[in-house]
Every structure is written in structure tokens, then in C-alpha cells.
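The values are calculated or read from the model by the stated rules, or taken from the named source; none is laboratory data. Since this is a predicted model, take the numbers as computed values, not measurements. Cβ placement follows ideal geometry from the backbone for every residue including glycine, while neighbour counts extend to all protein chains displayed. Protein only, heavy atoms only, side chains kept; ligands, DNA and RNA dropped before computing areas. Shrake-Rupley method; radii C 1.70, N 1.55, O 1.52, S 1.80 Å.
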Amino acid sequence: MTLKYKRVLLKLSGEALAGGHQTGIDPDTVAAVCAEIGAVLSMGVKMALVIGGGNVFRGLSGSAKGMDRASADYMGMLATVLNALAVQDRLEKQGYPTRVMSAINMKEICEPFIRRRAMRHLEKGRVVICAGGTGNPYFTTDTAAALRGAELKCDAIIKATKVDGIYDKDPQKNKDAVKFDNISYDEALAKRLGVMDATAFALVRDNHIPLIVCRMFGGDIAKVVLGEAAGTTVG
Ligand code: GTP
């Protein structure tokens, strides 16, 4: 089996773990997500994971309702730790070794994020689940994904979503929306496609890391790592 991407950073939104409820963590949905991840791991792909926290708490909406932005963001970062532990539990039940590494020290429940140690875990075939965002308020988990993808020398950042790729307009609202198979960083910026926030996007662009947006389910992540047609590649 020839892999197009041997070492990937997979970004999942927190909502991907909530199932139909949209909030909270649904164990059946976590199992379904981990089955998709397991299919990729079984091909020998080295993987780091960044999971959002929006299913538990979304910093931006907290601050929109009058909370201090920094406090709201710290709550969001804690939410990502809950999701990381849920995914760790499930992946290990499936037989895949993992290490949760947090940008915010919580040594009783997970390791601190130390880049060289994370690299070693990856080399040993462990899934490195990066929790706690970047450890700083005002940054999104997309930015954490771009940062970890760059520093862990991943071949690609895969953003798994509800939608099967990037469209010229919102496909859920516009029936005539057209999907891109490939698009350059500059074109994605010029067209204001909003693939990631500006900080995250600048990181992937400046470091020339291919960014692939694809569906969470349906085997699309596996297709992406094999180089088969799925999702949209920005690069
Ligand atoms: P190697 O040194 O590469 O073999 O990695 P390792 O992670 O297996 O070694 P280590 O002996 O450091 O860790 C054993 C277990 O302890 C692993 O499950 C780690 O996730 C866990 N662990 C290591 N450091 C910490 C920490 O600071 N906090 C918590 N909660 N767990 C830790």
C-alpha cells in the first residue's frame, strides 16, 4: 500500500463527537469517529490529533454573551481536554496506543506537550492527541492544528468536517455551489472561502503544508491519505 501522506495532523471539530445532540460527548459517535481513525491507523499512518471543544463550550460565543474573552477561551481549552480523553479511551479500546499531551499542564490526567517527546511518541506509532489548544486565549483549535502540524513535521493537515470539501459558496444554502478538488492558498484567500481562520491559514501557507478538507465519515480520511479523490486540497 502506498501512502500519499505518512504522517498527518487530523483536526476534528468538537461537534463531531456530539452526534445528533450537538452538545456533549456521545459515546456511540465517539466510537464511530474512532472507527474512521482506526481505518487510517491500520494502514500505518502516523497521526497527531487536534480536537475542538465546541460541543462542550465555545469561547467565542461565551465572549459574545459578555464573558471576558480570555476566560471564555480558557474554558474552551478545557473542553478540548474532555474530548481528548474521550477519544483516547476509545482508540485504546480499539487497540491503538495513544498519548494525550496538553498545552496546559494537567499532569495528573495527561502529559504536558513537549515537542520532542511528541515526535518520539509518533515515531513509536502512538497517536498523539494534542489537547488544550495552543494554551493561549485568542487562538482557535484550527490554529492549534496548524501549529502542531508544522512543529510535528506532518505531511498534511486534514480537517474532517460535515461537508465533503470546500465549495465556492455554502453548499447547505446554495444548490448550485461548486466544489473545488484543488485550490491554491492564494486563491482560497482571495475568494474568502473561510477554510480556517486567518492565523491558522497563515501558518499552513507559510510552512507549505497541504491542507485537506474532507468528510469525517464514509472513509474519506482513508482515501485522502492514500491519495485517492476525496475532499479538497489547499496547497
Ligand atoms: P517512552 O519513554 O517513549 O517509552 O514513552 P512512554 O510515554 O511510554 O513513557 P513513560 O514511562 O514516560 O510513560 C508511561 C505512561 O505514563 C504513559 O501512559 C504516559 O502517557 C504516562 N505519562 C507520562 N508522563 C505523564 C504525565 O506527566 N502525566 C500523566 N498523567 N501521565 C504521564
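If you check Leu147 against the conditions, is it closer than 16 Å to Met101 by Cβ and either of a type in the set (Gly, Ala, Ser) or surrounded by fewer than 22 Cβ atoms within 10 Å (Cβ to Cβ) (or both)? When the stated conditions are applied, Leu147 does not pass them.
A residue that is free of Cβ contacts under 8 Å to residues at least 40 places away in the same chain, part of a helix (DSSP H, G or I) and open to solvent by 40 Å² or more (accessible area, probe 1.4 Å) can be found somewhere in the stretch 207-224.
Of everything in the stretch 181-206, what is assigned to a loop (DSSP other than H, G, I, E, B) and either open to solvent by less than 60 Å² (accessible area, probe 1.4 Å) or touching a residue at least 24 places away in the same chain (Cβ under 8 Å) (or both)? Give them in sequence order. Result: Asp181, Ser184, Leu193, Val195, Met196, Asp197.
Criterion first (crowded, with 16+ Cβ neighbours inside 10 Å, at pLDDT below 95 and of a type in the set (Lys, Arg)) does Arg58 satisfy it? Considered against the rule, which asks whether it is crowded, with 16+ Cβ neighbours inside 10 Å, at pLDDT below 95 and of a type in the set (Lys, Arg), Arg58 comes out as yes. Within the stretch 11-38, the set of residues being in a loop (DSSP other than H, G, I, E, B) and crowded, with 20+ Cβ neighbours inside 10 Å comprises just one member, Ser13. Inside the stretch 98-115, residues that are open to solvent by less than 60 Å² (accessible area, probe 1.4 Å) and either farther than 26 Å from Val40 by Cβ or not aliphatic (A, V, I, L, M) (or both) make up a count of 8.
When we screen Ala64, Ala70 for residues that are more than 13 Å from the ligand (Cβ to nearest atom) and open to solvent by less than 60 Å² (accessible area, probe 1.4 Å), the only hit is Ala70. Only one of the numbered conditions (1) away from the ligand (no atom under 13 Å from the Cβ); (2) assigned to a loop (DSSP other than H, G, I, E, B) is not met by Thr80, and that is (2). Confirm whether Asp170 is assigned to a loop (DSSP other than H, G, I, E, B), open to solvent by 30 Å² or more (accessible area, probe 1.4 Å) and touching a residue at least 24 places away in the same chain (Cβ under 8 Å). So Asp170 does not fit the description; no.
On the stretch given as the stretch 100-127, residues that are under 15 Å from Val50 (Cβ atoms), more than 9 Å from the ligand (Cβ to nearest atom) and part of a helix (DSSP H, G or I) total 3.
Checked against the criterion of being without any contact (Cβ under 8 Å) to a residue 12 or more places away in the chain and either farther than 24 Å from Ala39 by Cα or open to solvent by less than 40 Å² (accessible area, probe 1.4 Å) (or both), the stretch 154-163 contains not a single residue that satisfies it. Within the stretch 105-120, residues that are on the phi > 0 side of the Ramachandran plot reach no partner that is assigned to a helix (DSSP H, G or I) and more than 8 Å from the ligand (Cβ to nearest atom) with beta carbons closer than 6 Å at six or more positions or on different chains.
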